[in-house]
Amino acid sequence: MTTSTLNRPQLIWRALVLPAALVVLWSLLDAFGALNGDIIVSPLQVLKTSYEGFADGSIPGATIATLLRALVGWTIGASIGLAFGVLIGLSGVARGLFDPSIASLRQIALFAWIPLLSAWFGNGEVMKITLIALGAFFPMALGAQAGCQNVPAPFREVGRVLELDRRATLTKIVFPAAIPSILAGLELSLNIAWLGTFGAEYLIGTGYINGMGDGLGAYLAAAREYARMDQVLLGVLFLALIGVALDRLVIGFSRRLIPWRMP
Amino acid sequence: MADALTLSRPKTVEVGSVQISDVSKTFRVEGRTVHALDDVSLAIASGEFISIVGPSGCGKSTLLRFLAGLDGPDSGRIAVDGEVIDRPSLKRGIVFQDHRLLPWFSVEKNIALSLHSLAGSEAEKRERVQYLIDLVGLSGFEKALPHELSGGMSQRAAIARGLAPRPPLLLLDEPLGALDSLTRSYLQDELLAIWEREKSTVVMVTHDVEEAIYLSDRVVVMEPRPGRIAKIFEVSGKRPRHRDDPDFVTIRREITDLLAHRRD
């Protein structure tokens, strides 16, 4: 890896080069009057809107609502996914029963569930959480299954020659060997849950129509409806920032949890 | 089974004798039948150090896996102290070429895992683990993870894991094969010292003829297609042996000639 020669601050600076260049370009275009105000507003305007958004509490409020929703949906979906994945990964009978169905259901795009789920659960919170959980479920189940199923044969043989019973084989060999794959599933499921949360907020029962939606998705939907490009840009910016932060958090957690290296 | 082993005391009765009678095994490889082992018989006495050498495909590793109980023959019988092998057992320790330490456990925990299924107090087991860590020269690396160890150190840890349950029979599958020559000859002496102290029967598969003569009481030369025993050489010289002794040189030439001749 070439990046290993750079230290952390250097990497962070390097990562900021492109965004900074874009902001500069954006400001320059604005300064020369090249921006069409109906489609894109100046960086200063976005900054001002963000100040107002913080002052009146709309931005923090929407962010917290979205975060909470994402975390609740993710926790539910990933927990069920983990349990299911481990079960299918360990038991041939369970695999035969569930694997084909799960593999088929996984092919359905997340937002294609909306018509069905809204018919069952309405357009409220239950529906949104279900959609997010559903999105989180599949990658988590898949990761856990793959991890439990693909324990390297040499390690399984070690368990056999050391006469480990089933319990010890699971706790000392199978689960540790599965952890990297489980964590990869966890990361991906958070990713999907975050995307699903925005989709749920944006597409289902948004606030400006019936007043029952909140979160960054509803904020964006309203901004778009009222042609507030400053708010649209701000909402998108926040979605990206929080998504990246969540991702980093989970990756940092995974690194700490696996101090070992596979041979 | 496993609890018949004792951790603290050396063995007093003569155990670890092996009887291999008329063992055959065929594999199907890409639609063709391969005779991995054809009617192999061999008796190994308790406390003996036996090496098996031969070109790849001669069935030496297959035979070792049978002894470990990881696989079984199509026909024939393999017994240790009269008991037919039908599955792996802690009475037969095995050290693989690719050390196979569990990457998520420290050296200490890897070795302790081989005592997990044995009877005995935690204190007793801890003491045994520490004894082995000292024996293989890994003191100070108890808490190290496998990826932090060199190849030689990993192999020592693997040997300690194989020895920990005091198996009457120790199986070594090219245990030093992946090491540089210096580490290798050093570990050969270590292996001898350990064998003399633990008094286990040792069956070692190797492709290094010199290593086999240096360590063993007998060297079994195998040949492929079908896998069988070509000849068994008695090595009589007292240990430690010297690689330039006339006897050593003679037997080495005989074995290498035999291997070269059979290779065609």
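Results, tabulated for the structure shown:
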quantity: Mean residue ellipticity (222 nm) of chain A, computed from DSSP H runs ≥ 4 via -39,500 (n - 2.57), nearest 500; calculated: -25500 deg cm²/dmol
quantity: Degrees, to the nearest 10: B:122-135 long Cα axis against longest axis of chain B; calculated: 60 degrees
quantity: Segment B:173-255: GluC sites (Glu not before Pro) in DSSP loop, at most 16 other beta carbons within 10 Å; calculated: none
quantity: Likely footprinting exposure, B:Ser139, A:Ser58, fewest C-beta neighbours within 10 Å first; calculated: B:Ser139, A:Ser58
quantity: Nearby lysines by direct alpha-carbon distance to A:Lys172 (threshold 22 angstrom, same-chain neighbours under 8 apart not counted); calculated: B:Lys91, B:Lys109, B:Lys125, B:Lys143
quantity: Choice from A:Ile12, A:Ile204, A:Ile179 with maximal GNM fluctuation in chain A (Cα, 10 Å cutoff); calculated: A:Ile12
quantity: Span-like helix ranges in chain A, DSSP H, alpha carbon extent 30 angstrom or more, Kyte mean at least -0.5; calculated: A:8-31, A:58-90, A:125-149, A:175-203, A:229-257
quantity: Per-residue Cβ neighbour rank within 10 angstrom, fewest leading, B:Phe233, A:Phe138, A:Phe54; calculated: A:Phe54, B:Phe233, A:Phe138
quantity: In segment A:108-216, GluC sites (Glu not before Pro) in a DSSP loop with at most 11 other beta-carbon atoms within 10 Å; calculated: none
quantity: Chain B, helix-only ellipticity at 222 nm - DSSP H runs n ≥ 4, -39,500 (n - 2.57), divided by all residues, nearest 500; calculated: -10000 deg cm²/dmol
quantity: Fewest-first ranking of B:Met222, A:Met262, A:Met127, using other Cβ atoms within 10 Å as the exposure measure; calculated: A:Met262, A:Met127, B:Met222
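Every number in this text was worked out from the coordinates using simple rules, so none of it is lab data. The structure displayed is predicted, hence computed values, not measured ones. For neighbour counting, all protein chains shown are included, and Cβ atoms are generated from backbone atoms with ideal geometry for every residue, glycine included.
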